[in-house]
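The values are calculated or read from the model by the stated rules, or taken from the named source; none is laboratory data. This one's a predicted model, so the numbers in the text were calculated from it and none came from an experiment. Cβ placement follows ideal geometry from the backbone for every residue including glycine, while neighbour counts extend to all protein chains displayed.
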């Protein structure tokens with residue numbers, strides 16, 4: 001059993017436990033559920049911003065603890081201030097050390113929030129909306145094309161945008177009308193090996209009406225400049241900033257360097 005399989009098996013149990021603990025009706029009573037969502041698509045197309053979806057992530061199965069000192073409020077405020085187009089918040093607890101409270105804490109910022117988790121059930125979509133997400137992630141590697149379609153439609157009904165993550169050509173068939181954005185994960189979730197060339201290879205196959213986002217393994221501004229030329233509008237970067245001694249300064253410096261190269 002690979003890492004992804006282990007995560008999904010655990011997630012199935014976790015979701016069932018959550019359903020017992022908090023009903024959908026109770027989730028819908030939370031104040032953030034009624035709050036209008038922000039469009040990640042619009043923020044990514046805003047040329048005054050960077051196109052970066054900056055991530056708040058405490059740990060990962062492959063790297064262990066990445067950052068357990070800087071607060072969500074501190075980091076996400078800096079991401080927003082220095083021009084991020086969106087913020088991704090890891091909410092998986094068992095493998096990544098995150099939680100829904102992290103997502104809620106990030107709502108202090110006026111910016112689209114992506115709930116990054118392993119979404120397998122409609123219940124999780126309601127959770128995402130109730131804790132302040134504007135966008136949810138669907139991972140092709142752990143869902144059938146039919147299940148992607150069902151979850152994407154359910155998310156749209158809640159007013160959420162949908163980012164579908166793919167890794168290879170075989171997963172292109174998971175793209176459907178209800179998907180707003182298509183992310184190419186340069187990290188293979190089955191073995192966690194990173195290959196940035198994956199983005200360059202798959203961008204040509206992604207429908208032109210879907211905003212393309214490059215994910216994982218992006219740790220320098222040259223890579224973004226290269227991928228922009230290929231047609232990518234968004235760049236999801238998590239570990240690179242979070243592992244720095246001061247993530248806020250690291251992000252600010254990265255953005256300054258990126259703007260200089262774009263001139």
**Qualifying position, being within 17 Å of the chain's Cα centre (by Cα) and under 20 Å from residue 255 (Cα atoms), among 85, 60** = 85
**Request:** Those residues that are surrounded by fewer than 22 Cβ atoms within 10 Å (Cβ to Cβ) and more than 18 Å from residue 169 (Cβ to Cβ), I need them from the stretch 225-237; list them, please.
**Result:** 225, 226, 228, 229, 233
**Selection within the stretch 114-132 - under 17 Å from residue 85 (Cβ atoms) and without any contact (Cβ under 8 Å) to a residue 40 or more places away in the chain** = 115
**Fill in**
Flagged in the stretch 120-139 as part of a loop (DSSP other than H, G, I, E, B) and in contact with a strand residue (DSSP E or B) (Cβ under 7 Å, 6 or more places away or on another chain), in numbering order, are 132, 133, 134
**Residues satisfying the stated conditions in the stretch 62-82, i.e. modelled with pLDDT under 95 and surrounded by 15 or more Cβ atoms within 10 Å (Cβ to Cβ)** = 66, 67, 70
**Request:** Report whether or not residue 184 is in contact with a strand residue (DSSP E or B) (Cβ under 7 Å, 6 or more places away or on another chain), within 20 Å of residue 90 (Cβ to Cβ) and touching a residue at least 24 places away in the same chain (Cβ under 8 Å).
**Result:** yes
**Prompt:** So which helices (runs of 4 or more DSSP H) stay within the stretch 5-89 end to end and still have 1 or more residues that are touching a residue at least 60 places away in the same chain (Cβ under 8 Å) and under 15 Å from residue 106 (Cβ atoms)?
**Reply:** 40-45, 72-81
**All positions within the stretch 196-208 that are modelled with pLDDT of 90 or more and crowded, with 19+ Cβ neighbours inside 10 Å** = 206
**Prompt:** How many residues are assigned to a loop (DSSP other than H, G, I, E, B) and at pLDDT 95 or above if we restrict to the stretch 210-225?
**Reply:** 1
**Prompt:** So which residues in the stretch 90-119 are more than 15 Å from the chain's Cα centre (by Cα) and assigned to a loop (DSSP other than H, G, I, E, B)?
**Reply:** 93, 94, 95, 97, 109, 110
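For (1) over 30 Å from residue 258 (Cα atoms); (2) touching a helix residue (DSSP H, G or I) at 6+ places or on another chain (Cβ under 7 Å), each residue gets a yes or a no:
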{"residue": "76", "(1), (2)": "no, yes"}
{"residue": "100", "(1), (2)": "yes, yes"}
{"residue": "109", "(1), (2)": "no, yes"}
{"residue": "120", "(1), (2)": "yes, yes"}
{"residue": "129", "(1), (2)": "yes, yes"}
{"residue": "138", "(1), (2)": "no, yes"}
{"residue": "148", "(1), (2)": "yes, yes"}
{"residue": "153", "(1), (2)": "yes, no"}
{"residue": "168", "(1), (2)": "no, no"}
**Asked** Got a number for residues in the stretch 228-252 being touching a helix residue (DSSP H, G or I) at 6+ places or on another chain (Cβ under 6 Å), in contact (Cβ under 8 Å) with a residue 12 or more places away in the chain and either at positive phi or assigned to a helix (DSSP H, G or I) (or both)?
**Response** 6
**Request:** Would you mind stating whether residue 211 is within 23 Å of residue 96 (Cα to Cα) and either buried (at least 18 other Cβ atoms within 10 Å of the Cβ) or without any contact (Cβ under 8 Å) to a residue 60 or more places away in the chain (or both)?
**Result:** no
